[in-house]
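Enquirer: Please find one structure pasted underneath; my questions will follow.
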Amino acid sequence: MSTPPILSLRNVCVAFDRGADGPVAALRGLSLDLHPSEVLCLVGASGAGKSITSLVTLRLEGHDGAVLTAGQILLDDADGQVDLACADVVQLRALRGARIGLIFQDSATALNPVITIGAQLTEVLMLHRGLSRRAARTEAVALLQEVQMPEPEMHLGQYPHELSGGQRQRAMIAIALAGAPRILIADEPTTALDARVQAGILELLDRLRRERGIALLVITHDMGVVAQVADRVAVIEAGRIVEEGPVRDVFRAPCHAETQRLLRAARIGQSGPPPLSPAVPVLEVRGLSLSYPRRGGLMRQATGQTEAVRDVSFNVDCGETLALVGESGSGKSSVARALMQLERPMSGEVLLEGTVLTGLAGAALRNRRARLQMVFQDPADSLDPRLTLGAQVAAPLRNYKIGTRRERLERVQALFRDVHLDPALMQRYPHQVSGGERQRVAIARALALKPAVLIADESVTALDAPVRAEILDIFAGLQRDLGLGILFISHDIGLVAKIAHRIAVMQRGRIVEHGPTRTVLERPAHAYTRALLAAVVQPDPEMRRKPGQPQDAVEVKDPLDPGTSVQYRRIGAKHFVLTAQTG
């Protein structure tokens with residue numbers, strides 16, 4: 001680009017101190033330029049070095065045992081160029097937030113849970129812009145309005161747990177903007193958000209960039225996000241930039257094998273596995289309803305009931321995958337908790353292999369629950385950080401007194417191999433492996449008791465596309481080998497197309513559409529299903545619709561296979577859905 005960069009990383013090297021195991025390189029001579037008002041996307045698989053790049057840019061790398069060993073981090077400041085690699089604590093404190101803002105990946109953990117959103121916003125405004133408390137509060141309301149937060153004055157007095165995922169992310173963006181930075185680093189800003197919320201966040205970031213002239217560094221593993229927002233893209237692998245260029249050039253003719261792998265894994269198919277012949281249901285849900293107490297007032301007394309699930313019925317056959325799809329708050333996870341009897345439904349029945357689970361308690365419930373296991377969304381939360389990976393997988397076997405110590409060890413080793421993990425990892429702890437490896441451990445633990453039904457609740461949402469594809473392949477392979485029935489819960493209707501035999505679409509606690517995958521995706525009957533499909537982000541920069549250029553159908557050559565054409569049709573104002581692939 002003709003303008004000089006506002007931020008430059010020059011031959012940056014970072015290593016993690018692993019004690020007796022010695023240092024482990026995280027960044028290996030990484031160089032990167034960010035220009036004014038530009039959107040640069042840094043994309044790569046888990047463990048490639050994306051997040052440590054964002055942290056080292058602000059010199060926050062030390063909290064996880066990482067050390068900057070070489071390189072320059074040059075910031076074009078008002079007083080001249082500053083090398084953050086050599087800056088002292090006072091300089092860094094003045095620059096963080098005021099010159100470079102950071103949007104963390106997980107707003108639920110990045111926001112202080114015991115301080116209101118208003119207090120967290122006003123603190124930044126008073127520190128970096130010298131506003132009085134009264135002026136800071138007025139500006140805080142204006143910032144929440146700017147990020148399109150509904151009822152901003154009400155949200156100032158709320159705590160992070162009282163906001164939805166999309167609202168927390170908007171609050172995080174407002175805090176990052178409070179110091180009026182010239183650079184905004186967004187580390188996986190839409191991970192784990194449903195498609196319509198993700199679209200809103202991406203549009204918000206783009207509008208803020210245009211209106212404020214902010215340079216934006218977006219760190220992501222999602223090639224769809226890259227295609228929608230990037231001016232330039234840099235692909236990182238094993239701590240090095242392996243490909244870089246304008247987004248359309250990189251997507252049209254990817255040169256490096258890693259870029260090609262990311263693009264291949266990001267393709268959104270819509271055929272689903274072939275439909276199964278009718279079989280005996282292994283899980284039956286009849287008229288399930290569930291409510292939670294609604295609390296308010298100073299002492300948080302119960303003031304009524306909030307209906308989360310309303311008269312939901314479905315079944316899962318042996319060897320079948322049913323996808324339960326809907327946005328955050330639609331009731332999907334509440335259904336899962338009711339199936340596991342972690343929440344007692346108000347009405348309805350749950351039958352597992354013909355036995356009614358609802359109403360069971362104690363040993364009777366415990367024995368039946370062994371046949372119904374669950375893989376949670378975040379393995380970092382569901383795995384015990386104090387136990388080795390092998391001990392976690394062995395825990396169900398110990399709890400149910402299955403086998404001798406040697407037999408349990410052999411069973412755990414076999415489970416590790418079943419989920420494509422090296423048994424040598426059994427002695428490691430959760431923080432010592434990647435997110436994809438942690439999720440495989442969670443799957444192995446869920447399979448330890450040989451269940452009839454596996455509930456996967458957003459189990460691949462936060463994983464990058466290649467790892468996500470590997471996990472889905474593991475699910476499919478296990479289903480073929482073991483005849484598992486799988487209830488696959490997700491907000492991503494494009495994702496479930498790859499694994500589900502049938503789809504049930506859930507909105508506000510009810511199932512509004514239910515049918516074979518191909519039928520639901522190609523001929524959606526309900527307006528809500530069509531809205532979910534319209535929000536699917538396509539991994540193709542050619543799908544960016546320019547104002548004033550209506551497009552009902554587009555045919556694009558596949559960059560990885562020039563003999564193949566991919567056809568999209570437009571649904572709604574600006575989103576496209578794959579309809580055909582020929583060649």
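Enquirer: From the list Val235, Val280, which one is among the aliphatic types (A, V, I, L, M) and modelled with pLDDT of 95 or more? Steps first, please.
Expert: Working: Val280 fails: modelled with pLDDT of 95 or more.
On inspection, the qualifying residue turns out to be Val235.
Enquirer: Give the stretch 253-277 a look and list any residue that's among the hydrophobic types (A, V, I, L, M, F, W, C) and surrounded by fewer than 18 Cβ atoms within 10 Å (Cβ to Cβ), or say none. Explain how you work it out, then say what you get.
Expert: Step one: filter the stretch 253-277 for residues among the hydrophobic types (A, V, I, L, M, F, W, C), giving 253, 255, 257, 262-263, 265-266, 268, 276.
Residues satisfying the conditions are Ala253, Cys255, Ala257, Leu276.
Enquirer: Considering each residue of the stretch 419-430, count those that are touching a helix residue (DSSP H, G or I) at 6+ places or on another chain (Cβ under 7 Å), surrounded by fewer than 19 Cβ atoms within 10 Å (Cβ to Cβ) and part of a helix (DSSP H, G or I), and give that number.
Expert: Going through the stretch 419-430 one residue at a time, the tally reaches 3.
Enquirer: Mind listing just one residue for me: the one in the stretch 479-503 that is under 18 Å from Arg196 (Cα atoms) and not polar (S, T, N, Q) and, of those, most open to solvent (accessible area, probe 1.4 Å)?
Expert: Start the filter on the stretch 479-503 by keeping residues that are under 18 Å from Arg196 (Cα atoms), which leaves 489-497.
Pick out the ones that are also not polar (S, T, N, Q) and you get 489, 491-497.
Details: Ile489: 0, His491: 20, Asp492: 50, Ile493: 5, Gly494: 8, Leu495: 12, Val496: 0, Ala497: 3 Å².
Checking each candidate, the answer is Asp492.
Enquirer: A further question on this structure: I'd like to verify a number: residues in the stretch 203-222 that are at pLDDT below 85 and either β-branched (Val, Ile, Thr) or in a loop (DSSP other than H, G, I, E, B) (or both), how many?
Expert: Selection size over the stretch 203-222: 2.
Residue by residue, here is whether (1) under 16 Å from Ala442 (Cβ atoms); (2) at pLDDT below 95; (3) part of a helix (DSSP H, G or I); (4) out of contact with any Lys or Arg (no Cβ under 6 Å at 6 or more places or on another chain) holds:
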position	(1), (2), (3), (4)
Thr358	no, yes, no, yes
Asn367	no, yes, yes, yes
Gln377	yes, yes, no, yes
Asp381	yes, yes, yes, yes
Gly390	yes, no, yes, yes
Val393	yes, no, yes, no
Lys401	no, yes, no, yes
Val412	yes, no, yes, yes
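Enquirer: When you look at Ala476, is it touching a Pro at 6+ places or on another chain (Cβ under 9 Å), open to solvent by 10 Å² or more (accessible area, probe 1.4 Å) and in a helix (DSSP H, G or I), yes or no?
Expert: In short, yes.
Enquirer: Then there's this: Has the stretch 130-149 got at least one residue that is farther than 20 Å from Ile100 by Cβ, in contact with a helix residue (DSSP H, G or I) (Cβ under 8 Å, 6 or more places away or on another chain), touching a residue at least 40 places away in the same chain (Cβ under 8 Å) and surrounded by 20 or more Cβ atoms within 10 Å (Cβ to Cβ)?
Expert: no
Enquirer: Restricting the search to the stretch 302-355, which residues are assigned to a strand (DSSP E or B), buried (at least 23 other Cβ atoms within 10 Å of the Cβ) and of a type in the set (Ser, Thr, Tyr)?
Expert: Selection gives Thr321 alone.
Enquirer: Can you name every residue in the stretch 150-202 that is charged (D, E, K, R), open to solvent by less than 20 Å² (accessible area, probe 1.4 Å) and part of a loop (DSSP other than H, G, I, E, B)? Break it down stepwise before answering.
Expert: From the stretch 150-202, those charged (D, E, K, R) are 151, 153, 162, 168, 170, 182, 187-188, 194, 196; that's our starting set.
Filter again for open to solvent by less than 20 Å² (accessible area, probe 1.4 Å), leaving 187-188, 194.
Residues satisfying the conditions are Glu188, Asp194.
Enquirer: Also, I was wondering about something else. Hey, could you check the stretch 514-526 for residues that are surrounded by 16 or more Cβ atoms within 10 Å (Cβ to Cβ) and among the hydrophobic types (A, V, I, L, M, F, W, C) and say which is farthest from Ala195 (Cα to Cα)?
Expert: Here the answer is Val520.
Enquirer: Any residue at all in the stretch 110-120 that is over 24 Å from Val197 (Cβ atoms), free of Cβ contacts under 8 Å to residues at least 24 places away in the same chain and surrounded by fewer than 18 Cβ atoms within 10 Å (Cβ to Cβ)?
Expert: Yes; the residues of the stretch 110-120 include at least one that is over 24 Å from Val197 (Cβ atoms), free of Cβ contacts under 8 Å to residues at least 24 places away in the same chain and surrounded by fewer than 18 Cβ atoms within 10 Å (Cβ to Cβ).
Enquirer: Within the stretch 527-544, restricting attention to residues that are open to solvent by 20 Å² or more (accessible area, probe 1.4 Å) and at pLDDT 85 or above, which residue is nearest to Gly494 (Cα to Cα)?
Expert: Selected residue: Arg530.
Enquirer: Inspect all residues belonging to the stretch 75-91 and state whether any of them is part of a strand (DSSP E or B) and open to solvent by less than 10 Å² (accessible area, probe 1.4 Å). Please lay out each step first, then the result.
Expert: Pass one, the stretch 75-91, residues part of a strand (DSSP E or B): 75-77, 80-83.
Add one more test, that the residue is open to solvent by less than 10 Å² (accessible area, probe 1.4 Å), and what stays is 75.
Scanning the stretch 75-91, I find at least one residue that is part of a strand (DSSP E or B) and open to solvent by less than 10 Å² (accessible area, probe 1.4 Å), so the answer is yes.
Enquirer: Right, next: Let me confirm something: among Val250, Val225, which residue is more than 22 Å from the chain's Cα centre (by Cα), in a helix (DSSP H, G or I), among the β-branched types (Val, Ile, Thr) and buried (at least 23 other Cβ atoms within 10 Å of the Cβ)? I'd like the intermediate steps shown before the answer.
Expert: Values: Val225 fails: more than 22 Å from the chain's Cα centre (by Cα).
Sole residue among the options that is more than 22 Å from the chain's Cα centre (by Cα), in a helix (DSSP H, G or I), among the β-branched types (Val, Ile, Thr) and buried (at least 23 other Cβ atoms within 10 Å of the Cβ): Val250.
Enquirer: Which residue pairs have Cβ atoms under 9 Å apart, sit 6 or more places apart or on different chains, and have a first residue in the stretch 415-434 that is at positive phi and a second that is in a helix (DSSP H, G or I) and open to solvent by 90 Å² or more (accessible area, probe 1.4 Å)?
Expert: Every condition considered, the pairs that remain are His420/Asp473.
Enquirer: Take the residues in the stretch 5-27 that are at pLDDT 90 or above and not in a strand (DSSP E or B); name whichever of them is surrounded by the fewest Cβ atoms within 10 Å (Cβ to Cβ).
Expert: Here the residue is Pro5.
Enquirer: Considering Ala469, Ala444, Ala456, which residue is in contact (Cβ under 8 Å) with a residue 24 or more places away in the chain, open to solvent by less than 10 Å² (accessible area, probe 1.4 Å) and assigned to a helix (DSSP H, G or I)? It would help to see each step written out before you state the result.
Expert: Values: Ala469 fails: open to solvent by less than 10 Å² (accessible area, probe 1.4 Å); Ala456 fails: assigned to a helix (DSSP H, G or I).
When all the criteria are applied, what remains is Ala444.
Enquirer: Further question on the same structure: Here are some conditions: (1) at pLDDT below 85; (2) within 30 Å of Met149 (Cβ to Cβ). Asp64 meets all but one. Which one does it not meet?
Expert: With respect to (1) at pLDDT below 85; (2) within 30 Å of Met149 (Cβ to Cβ), Asp64 is out only on (2).
Enquirer: Quick check, is Thr358 hydroxyl-bearing (Ser, Thr, Tyr), within 25 Å of Ala308 (Cβ to Cβ) and open to solvent by 10 Å² or more (accessible area, probe 1.4 Å)? Explain how you work it out, then say what you get.
Expert: On the way: hydroxyl-bearing (Ser, Thr, Tyr): yes; within 25 Å of Ala308 (Cβ to Cβ): yes; open to solvent by 10 Å² or more (accessible area, probe 1.4 Å): yes.
It is true that Thr358 is hydroxyl-bearing (Ser, Thr, Tyr), within 25 Å of Ala308 (Cβ to Cβ) and open to solvent by 10 Å² or more (accessible area, probe 1.4 Å).
Enquirer: Filter the stretch 228-245 down to residues that are over 22 Å from Val14 (Cβ atoms) and surrounded by fewer than 23 Cβ atoms within 10 Å (Cβ to Cβ) and give me whichever is farthest from the chain's Cα centre (by Cα).
Expert: Looking only at the stretch 228-245, we keep the residues that are over 22 Å from Val14 (Cβ atoms), and these are 228-232, 245.
Then keep just the ones that are surrounded by fewer than 23 Cβ atoms within 10 Å (Cβ to Cβ); that gives 231-232, 245.
Values: Asp231: 23, Arg232: 23, Gly245: 26 Å.
Across the stretch 228-245, the extreme among qualifying residues is Gly245.
The values are calculated or read from the model by the stated rules, or taken from the named source; none is laboratory data. Fair warning: this is a prediction, and the values are worked out from it, not measured in the lab. Please note: Cβ atoms are built from the backbone with ideal geometry, for glycine as well, and neighbour counts cover all protein chains shown. The area values use the complete protein model at the heavy-atom level, side chains included, leaving out ligands, DNA and RNA. Shrake-Rupley method; radii C 1.70, N 1.55, O 1.52, S 1.80 Å.
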